[in-house]
1. Only Lys, Arg, Asp and Glu count, each charged at its Cβ (+1, +1, -1, -1), so figure out the dipole size of the chain about its Cα centre, rounded to 20 debye.
2. Taking 0.36 nm per residue of sequence separation and subtracting the Cα-Cα distance, how much length would be gained by fully extending the chain between residue 39 and residue 3, in nm to one decimal?
3. With contacts defined as alpha carbon pairs under 8 Å and 6 or more residues apart, what's the relative contact order of the chain in percent?
4. Which length gain, in nm to one decimal place, applies between residue 70 and residue 82 when the Cα-Cα distance is subtracted from 0.36 nm times their residue separation?
5. So, for the chain, what is the accessible surface per residue at a probe of 1.4 Å, expressed in square angstrom?
6. When the accessible area of the chain is computed with all protein chains present and a 1.4 Å probe, what percentage of it is carbon and sulfur?
7. Could you bin all the Cα-Cα distances of the chain into 5 Å bins starting at 0 and give me the percent of pairs in each, rounded to whole numbers?
8. Lysine pairs, Cα distance under 12 Å, 8 or more residues apart or cross-chain: how many in the range 1-147?
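The values are calculated or read from the model by the stated rules, or taken from the named source; none is laboratory data. The structure presented is a predicted model; accordingly, all values stated were derived computationally and were not measured. Cβ placement follows ideal geometry from the backbone for every residue including glycine, while neighbour counts extend to all protein chains displayed. These area figures cover heavy atoms from the full protein model, side chains too; ligands, DNA and RNA do not enter into them. Shrake-Rupley method; radii C 1.70, N 1.55, O 1.52, S 1.80 Å.
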Amino acid sequence: MSAIKHIIIDGDSKSPHIDFNNLTGDLILSGRSIPENAAKVYEPLLLWISEYIKSPKKITNFRLNLDYFNSASTIWISKIIRALGKIEKEDSVLFIHLYFDTEDYAEMDSEDLRQLITSLVGNVGEILLSIGVKVYSTDPGGKIVDESTILL
């Protein structure tokens, strides 16, 4: 079995920019995710994660900074979160970072956040690590203007 390597794949109008760094524990999806074949984009990432969780960093940051993603992408993102939830290393923490534009963020209330978090981590199963969800409000330039943190 070979060691996992840092994955960087430039995004385009349909597929996200991918930056999965095994050395830092930062796993980033940004841009848009409406690929014709979601399995082609996400299955290699799921395989990468199955290796990463064998020797994860103490803190893993899964950053979802997607402007838009379709239902097929949602299914694969849920699979990724489920796989990350299987990290068994003692004292490990998984942070899921979600980015919204300022207007969408302002319209969210506590119930919206609760439903969002449940949809993301509700299917993880038995959780063996600490999970936190960070929700960010961003301006049109992508600058963070507000944030909330929820620890599970």
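1. Value, rounded to 20: 760 debye.
2. 10.7 nm
3. 19 percent
4. Between residue 70 and residue 82, full extension yields an extra 2.5 nm.
5. For the chain, the per-residue accessible area is 56 Å².
6. 52 percent
7. 2, 9, 19, 23, 21, 16, 8, 2, 0, 0
8. 4
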